[in-house]
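S.K.: To start, I am sharing the structure in question, which I have written as structure tokens.
The values are calculated or read from the model by the stated rules, or taken from the named source; none is laboratory data. What you see is a predicted model, and the numbers here were worked out from it, not measured in a lab. Methodologically, a virtual Cβ is constructed for each residue, glycine included, from the backbone with ideal geometry; neighbour enumeration extends over all protein chains shown.
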Amino acid sequence: MSPQHLPISKRTGQERIDYHLLTAQGATINQIAQVTRGVLVLKDVLQASANQLREVLQVSGCLIFSASDSQPRVASLDSETLFQPASVFWEFCEHYRFWHNQEQHLIIPDLHEKISIELQDWMTVCGLCGILVVPLLHHQSCYGAISLLVTGNERQWMPAEITFVQAIADQWAIAFYQTELEQHYQTAIQERQKILSGLQASEARHRALLEVVPDAIFRVTRDGIYLDSKAAKADTLPISATEIVGKHLHQVLPKEVAGLMWERVEQALETNEIQIVEYQLWLNSKARNFEARIVESGLDEVSIIVQDITERVQGRLILEQVNDALEERVEKRTAALRKTNEVLKAEIIERQRIEEQLEQAQTDILNALAKEKELSDLKSRFITVTSHEFRTPLTTIQSSAELMEHYGHKLSQEKKLAHLHRIQISVNYMTKLLNDVLMIGKADAGKLKLEPEPFDLESFCRTLAAEMQLSDTNQHAIAFTCNWGLEGEKAESPIACMDKQLLRQILENLLSNGMKYSPTGSTIRFTLNCDADWAVFEICDRGIGIPTEDQERLFEAFHRATNAGTIAGTGLGLAIVKKCVEIHHGQIGVDSEIGVGTTFTVTLPLYNSLSTDEHDEKNSSD
């Protein structure tokens, strides 16, 4: 591998490590998120996290502590001996709780402060050479720690590994925080239920007593006059019960209360139904609440049974206040849970975005490597083809030159001319090969321009067919036909506007291939069909045909069909044809059958009024 590839490989290896850690981190965080939603069990996911940390980081043990327990919540260990003295390690964590609260992880033996003798003895017994302790922190509170134990050789922790453990520790801190919130919430609900149950029982008892033992009973006429009174309590009226007999309701009670009471007296007498009135009186500078039940008790008179419900009303107010307070607390707790869930959701979305970016980066790297390999293969094919194709003409030139050098005085003028002709043919072949390579390079670099000019298309094609047949020493016949789908003067003198050099490249390569892969003596059909806007060229041979599996890669540079055998060729001709057709904004198609022959169809615009540069300028201005 060349040195220029080494940075890509190194970057790729580091990215794979980061991607592996991030993938494991994402899976663990997803499980923790399901714990917070109540989908998975906390203890099971804790154990799974400890196992995954031990396996991914390849350590000897993983302990996860909570702040309230002296023993690990879960442990994932290579050896049971690592678990026995864990309380010693917990005391060590408690000693360095200040470090944890400052969001600092601990690395032993890199810790600057001397560790306790008990911890040193424990590490010696367990064969430990290193410990990494990462706190579980959330809202500046420590909920525990993740401890990774290393045996054997001393380990240097990479920043990516510490970041990986810290991310999982942060998620577990949030999970423990939410679990604590949920426990407080459940406790508050239970307390509220107890209060509600107690208040309901108390209210039921008071209601029963009030219904059984009234505080006062009055007899009142339809006209609102007190006839009699029996009071168990003296403070049920503003005046003494003995003074109200013969007085009107308005003389005893406040105006609003008296009016309401008199109205309900009328309703009780009219409907023969119990009427209930709640009212408030100021007695002895205190507000007292009463409930009056008005019942028909005789002709045009009622009995008013009065009960003091002050305590009941106060209890109801207290209950409403408690309910409001509980609802406010529940709303605050719920808002905190919602906020935490939103944070978790945002973090999960961010993790997913990072995973997608990593996947895209991996895809881009693989594509770049594939492109590098493709370019390398293309270079290899170019070297192989050019070296092979140059060898034969160079050998011919060398042999003819040596013959003329050493035996020129013995050769006749005719043989000398024959050798010179061979040298010229070889030079022309090599020149054409180099021109083909240069044209491919210019086309790939976007430097091959369209330079259209008006010319007689039919005459051009006839002349080219004759030249190709002559260069083939008449081993094949080229039958050219032209069909103009035009009327009037255009049919008599058709003029096209195309790039003659690019068109020659298209037709020469297709005719040359048709003759090269067809048996000697066969005929190549060359047809030109034109209408008002398009010229369609068809070149049909009766050659060996092209396999179906090769047709998809037919226009790739240096690609040759698998059945080409020993027939000379570079694999550049059809690639050049494709480039020239695209520059003309045309299309090319192929129809081939093994042993039957091949037909190439090229469709080009008949009139190209702009060169490539002018066309690009026009498009950019639009």
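S.K.: So in segment 116-151, with the set limited to residues that are assigned to a strand (DSSP E or B) and small (Gly, Ala, Ser), which one is surrounded by the fewest Cβ atoms within 10 Å (Cβ to Cβ)?
M.R.: SER141
S.K.: State whether the residues of segment 257-269 include one that is in contact with a helix residue (DSSP H, G or I) (Cβ under 6 Å, 6 or more places away or on another chain), assigned to a strand (DSSP E or B) and not acidic (Asp, Glu).
M.R.: no
S.K.: Determine if segment 174-187 includes at least one residue that is modelled with pLDDT under 85, outside any helix (DSSP H, G or I) and within 30 Å of ARG351 (Cα to Cα).
M.R.: No, segment 174-187 contains no residue that is modelled with pLDDT under 85, outside any helix (DSSP H, G or I) and within 30 Å of ARG351 (Cα to Cα).
S.K.: Given the condition small (Gly, Ala, Ser), within 30 Å of ILE225 (Cα to Cα) and either in a strand (DSSP E or B) or touching a Leu at 6+ places or on another chain (Cβ under 9 Å) (or both), answer yes or no: does some residue in segment 315-322 qualify?
M.R.: no
S.K.: Restricting attention to segment 284-294, does a residue exist that is of a type in the set (S, T, N, Q), in the same structural domain as THR221 (by TED's automatic domain parsing) and closer than 14 Å to THR221 by Cβ? Before you say what the answer is, go through the steps one by one.
M.R.: Of segment 284-294, the ones of a type in the set (S, T, N, Q) are 284-285, 289.
Still in the running and in the same structural domain as THR221 (by TED's automatic domain parsing): 284-285, 289.
This time we only want the ones that are closer than 14 Å to THR221 by Cβ, so: none.
Within segment 284-294, none of the residues are of a type in the set (S, T, N, Q), in the same structural domain as THR221 (by TED's automatic domain parsing) and closer than 14 Å to THR221 by Cβ.
S.K.: Of all residues being farther than 15 Å from GLU538 by Cα and among the β-branched types (Val, Ile, Thr) in segment 571-622, which is modelled with the lowest pLDDT? Just the residue, please.
M.R.: THR612
S.K.: Of these, LEU411, LEU417, which one is modelled with pLDDT of 80 or more and not assigned by TED's automatic domain parsing to the domain that holds ASP472?
M.R.: LEU417
S.K.: Right, here's the next one. Here is a list: GLY246, GLY315. Which entry is among the small types (Gly, Ala, Ser), on the phi > 0 side of the Ramachandran plot and touching a residue at least 12 places away in the same chain (Cβ under 8 Å)?
M.R.: Result: GLY246 is the single residue among GLY246, GLY315 that is among the small types (Gly, Ala, Ser), on the phi > 0 side of the Ramachandran plot and touching a residue at least 12 places away in the same chain (Cβ under 8 Å).
S.K.: I'm told ARG293 meets every condition in (1) assigned to a helix (DSSP H, G or I); (2) surrounded by 13 or more Cβ atoms within 10 Å (Cβ to Cβ) except one. Can you identify the failing condition by its number?
M.R.: Tallying (1) assigned to a helix (DSSP H, G or I); (2) surrounded by 13 or more Cβ atoms within 10 Å (Cβ to Cβ), ARG293 fails exactly one: (1).
S.K.: Of the numbered conditions (1) farther than 19 Å from ILE576 by Cα; (2) of a type in the set (D, E, K, R); (3) surrounded by 14 or more Cβ atoms within 10 Å (Cβ to Cβ), LYS449 fails exactly one; give the number of that condition.
M.R.: For LYS449, the failing item is (1).
S.K.: Do you know which residues across segment 501-535 are buried (at least 18 other Cβ atoms within 10 Å of the Cβ) and within 51 Å of the chain's Cα centre (by Cα)?
M.R.: Once the filter is applied, which keeps residues that are buried (at least 18 other Cβ atoms within 10 Å of the Cβ) and within 51 Å of the chain's Cα centre (by Cα), segment 501-535 yields LEU502, LEU503, GLN505, ILE506, LEU507, ASN509, LEU510, ASN513, ALA535.
S.K.: Right, another one. For segment 324-361, give me the residue count where each residue is polar (S, T, N, Q) and closer than 25 Å to ALA188 by Cβ.
M.R.: Residues meeting the conditions: 3.
S.K.: To continue, here is another question. One residue is enough: does segment 332-353 have a residue meeting the conditions in contact with a Gly (Cβ under 6 Å, 6 or more places away or on another chain) and modelled with pLDDT of 85 or more?
M.R.: yes
S.K.: Got at least one residue in segment 297-317 being in contact with a Lys or Arg (Cβ under 9 Å, 6 or more places away or on another chain), at pLDDT 90 or above, closer than 19 Å to ALA241 by Cα and among the aliphatic types (A, V, I, L, M)?
M.R.: Yes, that holds for at least one residue.
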